[in-house]
Amino acid sequence: DMLDALDVNDRHYDRKYQDMQDRLDNLYDKISEVEDAIQDITDKINAVYGEHLTAQELYKVLDHFDDIYFKMSDLEKKEFFQNFIESITIYPDKKTNERIVDEIDFKFPIYYDGKEGRAIRLLNETTVETIVLLSKGEVDSKKIRVEFSLEDMDMSEFQDGATYPQIKEYVLEHTGLKVSNLYISQIKRKCGIEVGKNYNLPKAEDSRQPQCPPEKEKAIREAFKYFGMI
């Protein structure tokens, strides 16, 4: 309302408008910081609830393990194991026997090596840990050519690109400019990047939202390029 009420004939109009615009930008920055803090706390609360698994539910899952595990997506498998495993300790340096994992701590008592406890400590015995990708290839003399395609791979977790805090951090570090979630959303739409629903819409239908200044738009686009979003 204050911006709209400015007199365009005032010789100080441009300076007053820019001053109000800067103050409005600062308010949006503060709103973004609060939103980020709320989201962080919400994620922590959801994580606490997500890790809660009763013994009865655990036994039920283990009883049908063979039936459900191979039907799970990679994300579901990850969440599944998070309910079982408290932490995994790896060696800081590669061992001579190529072992990486030192200890696995579970969230419930287990029997291992004749004892009851919550951890499995892997002994320094001679073992080989290998990760192999198998696909169809052509054998030419003694050389083997292996090819694989990304067409059938689930790349959904990489499609959203960087988060809003990551973009803000990149822009601030490389340009010294502070950008708000609103500005990032505006440039996302300009670039054809999907933007989630905005729950902070103004109450008045004729309210005007500040538009991202050119220098900040340029900085945000550079961040998009850096993170491979455009």
Any residue that is modelled with pLDDT under 60, open to solvent by 50 Å² or more (accessible area, probe 1.4 Å) and out of contact with any Phe, Trp or Tyr (no Cβ under 9 Å at 6 or more places or on another chain) - is there at least one of those in the range 188-197? yes
Starting from the range 21-48, keep only residues that are more than 18 Å from L172 (Cβ to Cβ), then list their pairs with residues that are of a type in the set (A, V, I, L, M, F, W, C) and at pLDDT below 90 whose Cβ atoms are within a distance under 8 Å, requiring at least 6 positions of separation or different chains. Q21/L3; L24/L3
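One line per residue, one yes/no per condition, for (1) outside any helix (DSSP H, G or I); (2) open to solvent by less than 100 Å² (accessible area, probe 1.4 Å); (3) modelled with pLDDT under 80:
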residue	(1), (2), (3)
D4	no, yes, no
R11	yes, no, no
Q18	no, yes, no
R23	no, no, no
Y28	no, yes, no
E35	no, yes, no
E57	no, yes, yes
D67	no, yes, yes
Scan the range 167-195 and report the pairs whose first residue is more than 14 Å from P214 (Cα to Cα) and touching a residue at least 60 places away in the same chain (Cβ under 8 Å) and whose second residue is part of a loop (DSSP other than H, G, I, E, B) and among the aliphatic types (A, V, I, L, M), with Cβ atoms within less than 8 Å and a gap of 6+ or a chain change. I167/V179; K168/V179
Can you find a residue in the range 80-101 that is among the charged types (D, E, K, R), open to solvent by less than 100 Å² (accessible area, probe 1.4 Å) and either modelled with pLDDT of 85 or more or assigned to a helix (DSSP H, G or I) (or both)? no
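The values are calculated or read from the model by the stated rules, or taken from the named source; none is laboratory data. Please read all numbers here as calculations on a predicted model, not as lab measurements. Note that each Cβ is placed from the backbone with ideal geometry, even for glycine, and that neighbours are counted across all protein chains shown. All accessible areas refer to the heavy atoms of the entire protein, side chains included, with ligands and DNA or RNA removed. Shrake-Rupley method; radii C 1.70, N 1.55, O 1.52, S 1.80 Å.
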